[in-house]
Structures are given as C-alpha cells and as structure tokens.
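Shown next, in structure tokens, is the structure this report addresses.
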Amino acid sequence: MTSTTRNILILGGTLEASAMASALAERGERAVLSYAGRVAQPRAQPVAVRVGGFGGVPGLVRYLQAMQVTHLVDATHPFAARMSANAVAACAQAGVPLLALTRDAWQPGPGDRWQPVADLPAAVAALGGPPQRVLLALGRMHLNVFAAQPQHHYILRLVDPPEQPPPLPHHTVVISRGPFDVAGDIALLRDHQVELIVCKNAGGSGAQAKLHAAHELGLPVLMVARPWLPARHEVTQVAEVLQWLWHGERGVQLHAATSRGAERGV
Ligand code: 3Y8
Ligand code: NAP
C-alpha cells in the first residue's frame, strides 16, 4: 500500500494527535483529523479536519466504509474512554487496522504529594474536609459533581468560558488553553493561593506543568486514575505509528493494553 492508497483517520484532541497530523502532512499522506467538537476553536491542522460525533459504533463503521479509511490512529486523550472503546469495536466490524497513540501515565517522584483516587466521584469524596482553595484542572465537563463539596473556593481553569455559572458558590474562572509551562503554572498557583490541585492522570507534556509547579510549592495533588480501556495495540511515539503504517505490525513492538495497565497509575 502506498501513500496514494492510504487514507488515515486520526481521532484527535491531543498534542500527540497534532504531531501525528503534521508528520503525515509532511509525508504527503492522506489523513483526516477528527475532533468531538468540545471547544470553540480547536487548533488549526495541516490535514483535513472533521468535527462532531460519528453516531456511536454504527456511525463510525459507516464513516470508515464510506470514506474508505485504511488505518485508524486513536490519538484521543486517555480519559476519552467511550471514543476509544467505540473505535476498537468499529474497526473490528469494518476490518480497519487500529493503533492507539497514547502517553504513559505520570508517576510520582520523590517529594511529590499525590493522593491517587480511582475516579472523579472518589476525588469529590476526598474533598470532605474544611474549606480550601482548590484548583480544578479538569476542563468544563466535570465541574458539577463538585457541588457536593460547596465549602471550597474552586479555581476553574477552562478552555472556553462556561455557558452558565457552574453550581459552585465560591469559584474563580481562569480561561486558559494549554500546553502550559511551569513558570506560568507556579504563578497561577501563587496568584490564586491554591492549596490543593485536582487533575487527571493525562500523561504527556501538555498538562504536566502544574505537577512540577505543585512539587516546587509543596502542594498536594488529588490524581484521578485513568479509566479502563479495551485491549488494543498502543504506542507512544509518532515514529512508531509511521513504522506501523508503512510496515504493518512487524514494523513496531506493539503493546497490548493489559500490559500497560500498571502504567495507568491504577
Ligand atoms: C477539544 C482541541 C494541541 C492539543 C492541546 C494534551 C495537551 C493542551 C492540557 C489543565 C489541564 C484537560 C483538557 C487539557 C490539555 C492539551 C491539548 C490539553 C487539560 C484541547 C482541544 C479539545 C480539548 C478538550 C478538552 C476537554 C478537557 C480537556 C481541558 C485543541 C484544547 C483538562 C484534560 O468542554 C470542555 O471544556 C472540554 C474540555 C475535554 C476536559 C477533559 O475531559 O479532560 N481537553 N482540549 C477536543 C475535541 O473536540 O475533540 O486541540 O485545540 C486540546 C488539548 N487540551 O494540539 O494543541 O493533553 O494533549 N485539555 C486533562 O489533561 O485533564 C487541561 O488545565 O491543567
Ligand atoms: P468520550 O467521552 O470518550 O466520547 C464521547 C463521545 O464523543 C464519543 O462517543 C463520540 O461521539 C464523541 N467523540 C469523542 N472524541 C471524538 C473525536 N475525536 N472525534 C469525533 N467524535 C468524538 O470523549 P471525551 O472525553 O468527551 O473527549 C472528547 C474529545 O476531547 C476527544 O477527542 C479527546 O481526545 C479530547 N480530550 C482531550 C483532552 C486533552 O487533555 N487533550 C482531554 C480529554 C478529552 P459518537 O459516539 O457520536 O461518535
């Protein structure tokens, strides 16, 4: 199969997806990068972009067949569990090879004050103590559950302004899109006198600055573990995906998801 016959679908929304799109565009490969449509202005891409859901597994199967997709690269966020599960099911039905381009989970280092929690409800439950100033670095989709702990002052870092005020009696909204840097995140934590950070174990570099900043300032972090994902082949480097596209499975060392389960920080 040559670059003129390959037609690659990238499920996007991450730095890795953008890097994948650039690598394919530079090599004259035909690719479409797909966004869910979660934010007003997703980053411009050097390949064609589509925005919006596919309509579950059947919709994705129809899309794969109608667009004659030859390869699917799932470069979504590790917490986009529904999308990734749908991609595994749809590719199996449509007979389209799938490879996940993911990022290893963050691991705490010496001096890090992380409290691992299994999921968002567990993070909410862990906030049962006296009022604190809490940074929710979770985006707009996961704010309402924290109404169960209204005693805190929440600093909400969001990509877009919320359509209506979140149901949190004491909060400050900070509109800011990553990737973030350590100096900026130290300033954010200091300016807002943050005492605790709640975040997802996203991995990668784009959201990691706040962890270095927390370490620098000796702040605790509630670290939400990754959700379960179905078994699939995973790599963490764009170069590995290129090898797979050009040489198939013999081109790269593939990891079944189960072997990386321990790396999910669960
Ligand atoms: C729409 C489209 C690029 C990609 C950049 C990465 C890095 C910057 C850091 C904090 C954590 C958070 C959030 C975050 C980061 C990158 C990456 C990353 C975290 C965009 C983008 C889309 C999204 C969706 C968005 C969610 C949100 C999560 C904010 C684009 C900017 C918290 C993830 O309604 C909402 O506000 C939805 C927000 C889903 C929440 C969540 O569920 O985790 N990402 N983020 C994607 C789509 O429509 O399909 O690229 O511009 C992408 C990026 N966000 O190439 O520049 O991790 O790759 N995104 C987290 O890590 O927990 C912010 O504030 O410290
Ligand atoms: P999710 O809960 O796993 O998916 C819910 C539904 O949204 C999917 O079933 C699908 O709808 C649609 N969808 C999700 N990703 C899509 C994509 N790339 N293209 C087309 N449709 C998509 O997903 P999520 O957690 O809401 O994440 C949404 C998007 O934001 C994903 O692209 C993800 O990569 C990105 N994201 C980025 C970060 C980050 O830090 N960079 C963090 C979280 C999410 P249908 O069932 O109708 O097909």
May I ask you to list the residues in the range 121-164 that are without any contact (Cβ under 8 Å) to a residue 40 or more places away in the chain, more than 19 Å from the chain's Cα centre (by Cα) and within 16 Å of ALA214 (Cβ to Cβ)? ILE155
Subset of the range 151-167, residues away from ligand 2 (no atom under 15 Å from the Cβ) and of a type outside the set (Asp, Glu), comes to GLN151, HIS152, HIS153, TYR154, ILE155, LEU156, PRO161, PRO162, GLN164, PRO165, PRO166, PRO167
Residue under evaluation HIS71, criteria (1) within 22 Å of the chain's Cα centre (by Cα); (2) within 16 Å of ligand 1 (Cβ to nearest atom); (3) surrounded by 14 or more Cβ atoms within 10 Å (Cβ to Cβ), criterion not met: (2)
ILE186: more than 20 Å from the chain's Cα centre (by Cα) and buried (at least 19 other Cβ atoms within 10 Å of the Cβ), yes or no? no
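Take the range 1-28 and flag every residue that is among the polar types (S, T, N, Q) and within 13 Å of ligand 1 (Cβ to nearest atom).
Matches in the range 1-28: THR14, SER18, SER22.
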Return the residues of the range 200-212 that are more than 10 Å from ligand 2 (Cβ to nearest atom) and touching a residue at least 60 places away in the same chain (Cβ under 8 Å); say none if nothing qualifies. ASN201, SER205, GLN208, LYS210, LEU211
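Just for helices (runs of 4 or more DSSP H) wholly inside the range 11-125: which have at least 3 residues that are touching a Cys at 6+ places or on another chain (Cβ under 6 Å) and modelled with pLDDT of 95 or more? Can you show your working first?
Values: elements: 15-26, 56-66, 81-94, 120-125.
Per the criteria, no element qualifies.
Just wondering, is there one or more residues in the range 32-42 that are in contact with a helix residue (DSSP H, G or I) (Cβ under 6 Å, 6 or more places away or on another chain), closer than 23 Å to LEU60 by Cα and either of a type in the set (Asp, Glu) or within 13 Å of ligand 1 (Cβ to nearest atom) (or both)? Spell out the reasoning first.
Quick first cut of the range 32-42, residues in contact with a helix residue (DSSP H, G or I) (Cβ under 6 Å, 6 or more places away or on another chain) only: 33.
Now restrict to residues that are closer than 23 Å to LEU60 by Cα: 33.
Pick out the ones that are also either of a type in the set (Asp, Glu) or within 13 Å of ligand 1 (Cβ to nearest atom) (or both) and you get 33.
Yes; the residues of the range 32-42 include at least one that is in contact with a helix residue (DSSP H, G or I) (Cβ under 6 Å, 6 or more places away or on another chain), closer than 23 Å to LEU60 by Cα and either of a type in the set (Asp, Glu) or within 13 Å of ligand 1 (Cβ to nearest atom) (or both).
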Going by the conditions given, is GLY59 of a type outside the set (Ser, Thr, Tyr) and within 14 Å of ligand 1 (Cβ to nearest atom)? no
Odd one out for ARG140, checked against (1) exposed (fewer than 15 other Cβ atoms within 10 Å of the Cβ); (2) under 30 Å from ASN86 (Cβ atoms): (1)
Checked pairs for the range 22-45, first under 22 Å from THR2 (Cα atoms), second among the small types (Gly, Ala, Ser) and surrounded by 19 or more Cβ atoms within 10 Å (Cβ to Cβ), C-beta under 6 Å and 6 or more apart or across chains, list as LEU24/ALA31; LEU33/GLY12; LEU33/ALA21
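Quick check on the range 154-168: of everything there that is over 20 Å from LEU222 (Cβ atoms) and not acidic (Asp, Glu), which residue is surrounded by the most Cβ atoms within 10 Å (Cβ to Cβ)?
Quick first cut of the range 154-168, residues over 20 Å from LEU222 (Cβ atoms) only: 159-165.
Remaining after also requiring not acidic (Asp, Glu): 159, 161-162, 164-165.
Values: VAL159: 15, PRO161: 9, PRO162: 13, GLN164: 5, PRO165: 9.
Top of the filtered list is VAL159.
The values are calculated or read from the model by the stated rules, or taken from the named source; none is laboratory data. Predicted, not measured: the structure shown is a model, and the values here were computed from it. Every residue, glycine among them, receives a Cβ derived from its backbone with ideal geometry; neighbour counts consider all protein chains shown.
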